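Written out below as structure tokens is the structure these notes cover.
Derivation of every value follows stated rules applied to the coordinates shown; laboratory data play no part. Being a predicted model, the structure only gives us computed values, none of them experimental. Because the Cβ atoms are built from the backbone with ideal geometry, glycine has one as well, and the counts that use them run over all protein chains shown.
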Amino acid sequence: MLTRKIKLWDINAHITCRLCNGYLIDATTVTECLHTFCRSCLVKYLEENNTCPTCRIVIHQSHPLQYIGHDRTMQDIVYKLVPGLQEAEMKKQREFYHKLGMEVPGDIKGETCSAKQHLDSHRNGETKTDESSNKEASEEKQEEDNDYHRSDEQVSICLECNSSKLRGLKRKWIRCSAQATVLHLKKFIAKKLNLSSFNELDILCNEEILGKDHTLKFVVVTRWRFKKAPLLLHYRPKMDLL
């Protein structure tokens, strides 16, 4: 069977960011038109614009950041196609956190250790049977499953109620993974308040309604960047229920 080799140069246009002209990092897609950019590039652009940088379609008149989402599939494709890109990006992130004197988040640290162990085993000429490899993989997966995201970067949150139609939480201070989303918080609050559905709630930061797919890391970076912890969020019934 004939095979055709495709050069990376031929597909660069599909895996690069139109804003920085570099390979996509933390690929983020506009839900309205499906154009993809680096998250940091797109967030910075949308601070002063509400249209897609590529097709100029209006994403949202007032809250365009609520209509973008992390594109994990695209990012996986980019990392597989571009040799050394993922390792280089991990190194940059580690250097960034060390420069600020901050602890490296658990997810980056975990990926680094895993990659280093893999490289070391190859350098030492160590080879493992499929049986032992599968056993180790099973043990690692079980350990990860029991971790409940404790090794993730954590976010401290204060959940305040700003409506007389809902009661406040008994414990309004929580700490959870930065990878958790606003939807997770909605479900948490609905369960604590015995609401029939989490869809009855809006969660706000700086008086702005947050999109349900936003991660807490994204909220901190875009809405709480220069403020001290904890992240202050308010919840209330949806406007159409008031």
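For the pair ASP76 and ARG18, label points projected 7 Å from Cα toward Cβ lie 2.6 nm apart. Roughly speaking, what is the centre-to-centre gap between region 13-61 and region 160-178 when only Cα atoms are used, to the nearest Å? Distance between centres, Cα-based: 33 Å. Residues whose amide H lies under 5 Å from that of ILE25, counting only those 5 or more places away or on a different chain, are CYS38, ARG39; hydrogens are built 1.01 Å from N in the peptide plane. Rounded to the nearest 20 debye, the dipole magnitude of region 154-237 is 380 debye, with +1 charges on Lys and Arg beta carbons, -1 on Asp and Glu beta carbons, and the Cα centre as origin.
Computed from the Cβ-Cβ distance with R0 of 41 Å, the FRET efficiency linking ASN50 to ARG171 stands at 0.65. Normalising the average separation of contacting C-alpha pairs (under 8 angstrom, six or more residues apart) by the number of residues puts the relative contact order of region 154-237 at 43 percent.
When the alpha carbon gyration tensor of region 154-237 is reduced to an equivalent ellipsoid, the three semi-axes, largest first, read 19, 13, 12 Å. Given Cα pairs under 8 Å that are at least 6 residues apart, what percent is the relative contact order of region 1-59? Computed value for region 1-59: 24 percent relative contact order. Loop-resident trypsin sites (Lys or Arg not before Pro) (DSSP state other than H, G, I, E or B) in region 1-60 with no more than 13 further Cβ atoms inside 10 Å of their Cβ: ARG4, LYS5, LYS7, ARG56.
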